[in-house]
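Report on the structure given below.
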Ligand code: GLN
């Protein structure tokens, strides 16, 4: 039997369908892989071995009985710890939720369970999904499987690292400002932020409700399409859920994989390149554009002048919404409760002590920023102005999508930086999000896929953006580029920290 952890989800699903392997074998192979590499990678906060194996055994029994199963039935998956899971701890990377065991499942978890995918565990993340390196987790760093001294991106560094280190073929991430796409870029994996409203937010611990969106983290574009179809679709429990069914992504990925993009107009966003972008990242980007041109795509340049202000607007809107969303962590209802060490035990003093101890510095920074931006007298100047910029960015997208079917840019300006490198400089950390944030502000879908290795030997990300509700275009163009680059995870892109495989660098 080949190493089951090396297969794409689609390939593993096929072997399960033909009963060449069982889900128990596949799940156990991933648990063994985790046991071997977790001490070095630390992608997971919680491993759910028993329940994963129980699900796997159940799926195997149902398959043996001839039951008609979901295409991904039996394929194991990891879930970011911002998604609530019944009976399984959910910390959001924060001390304030330590010990909290949710009494219900997020809608996307219900769908995963109904389809019979064993959930391997919950993945590490920056506290409350605030960060670009996973260093803000209250439970220790995740290490980039390509170079253990480097960050795996954030906030969903755990999901991306798990997939990159073969600790799961599929993972769930959430993307409020880039937390699926930027980790994908720096770990050489594929990440998709669906159209806002495409995947239910019911059961995601909210960071910024107008920006949050869950999506797939995978090693191939086809796997992302399969997972997006599984978790997407209308949910009456999410007031901002779209009525659209989640269909057509797999077909689009299969069509794209033929490598024919005749007539597709690809718009290069002038504002998302140049100064601040690593030369090797730009070089891989340019080469990918040439491949798309060779496949019949028409490459045009578009300008989105207000993207220059996206970062500033985001870092007002996000803290404003987060300061409101995080008010519920008060020491009364969920997780941690700290009583003041001296003096009277009043509600206010318990809240102050709990929040003072339970939240980390980055979360406190954003609560303070957001509360300030919303305060009387400053609301119009800060929050109000940021919302106006948001409208201008939406108009930039609308104009650009008149000229192009998809827009493209590097996903992140750099490859994975070193652990600790930007930890003391919040602004430098925020700047890693310049290219991913516009999509969240406008609600449009985006994908990151590897465009090869930069000069430093680390993966560079290629970002594709499409109009809202046109997520299928991401899969078509993404699958085409993946095929043209021949750098899928079975190809020359593959290379990881030699320590992870007993010194055998590839
Ligand atoms: N880096 C972004 C931030 O810190 C990512 C947030 C996200 O997508 N969850 O806000």
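None of the figures in this text is laboratory data; all of them are computed from the coordinates on show. Predicted, not measured: the structure shown is a model, and the values here were computed from it. Heads up, the Cβs are rebuilt from the backbone with ideal geometry, glycines too, and the neighbour counts pull from every protein chain shown.
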If you average 1/r across every pair of different Cα atoms in segment 24-172 and take the reciprocal, what Kirkwood value do you get, in Å?
15.2 Å
Please arrange 80, 122, 328 by how many other C-beta atoms lie within 10 Å of their C-beta, fewest to most.
328, 122, 80
Label residue 258 and residue 352 with points 7 Å out from Cα along Cα→Cβ: what is the distance between them in nm?
6.8 nm
Place a point 7 Å from Cα of residue 308 in the direction of its Cβ. Which residues in segment 261-280 have their backbone N less than 15 Å from it?
270-276
Please arrange 94, 51 by how many other C-beta atoms lie within 10 Å of their C-beta, fewest to most.
51, 94
In whole angstrom, note down how far apart the Cα centers of segment 174-223 and segment 22-80 are.
22 Å
Taking square-rooted eigenvalues a ≥ b ≥ c of the alpha carbon gyration tensor, is segment 93-217 rounded, prolate or oblate, where a/c under 1.5 means rounded and, failing that, a/b exceeding b/c means prolate?
rounded
Relative contact order in percent for segment 118-208 (Cα pairs under 8 Å, 6+ apart) equals 24 percent
Restricting to segment 36-125, what percent of DSSP beta bridges are antiparallel, rounded to 5?
50 percent
Whole-Å distance, taken between Cα centres, linking segment 224-296 and segment 413-460:
17 Å
Two-site label geometry, residue 456 and residue 275: point separation in nm, points 7 Å out along Cα→Cβ
2.1 nm
What is the antiparallel percent of DSSP beta bridges lying wholly in the chain, to the nearest 5?
65 percent
The chain: relative contact order in percent, alpha carbon pairs under 8 Å with at least 6 residues between
17 percent
Helix-only estimate, please: 222 nm mean residue ellipticity of the chain, summing -39500 (n - 2.57) across DSSP H runs of length 4 or more and dividing by its residues, to the nearest 500.
-11500 deg cm²/dmol
Using the 10 angstrom Cβ neighbour count as an exposure proxy, how do 130, 34 rank, fewest first?
34, 130
Tail beyond 30 Å, pair distance distribution of the chain (Cα, percent):
42 percent
Quick check on segment 351-462: take the gyration tensor over C-alpha atoms, sort the square-rooted eigenvalues as a ≥ b ≥ c, and tell me if it's rounded (a/c under 1.5), prolate or oblate.
oblate
For segment 391-484: relative contact order, % (alpha-carbon pairs under 8 angstrom, 6 or more apart)
33 percent
As an exercise, use a Förster radius of 51 Å and the Cβ-Cβ distance of residue 301 and residue 501 to find the FRET efficiency, rounded to the nearest 0.05.
0.75
When the expected Rg is taken as 2.2 N^0.38 Å, what fraction or multiple of it is the alpha-carbon Rg of segment 311-407?
1.50
Separation of segment 87-154 and segment 337-395 by C-alpha centroid, Å?
23 Å
Rounded to the nearest 0.05, FRET efficiency between residue 402 and residue 251 (Cβ-Cβ, R0 35 Å) equals 0.85
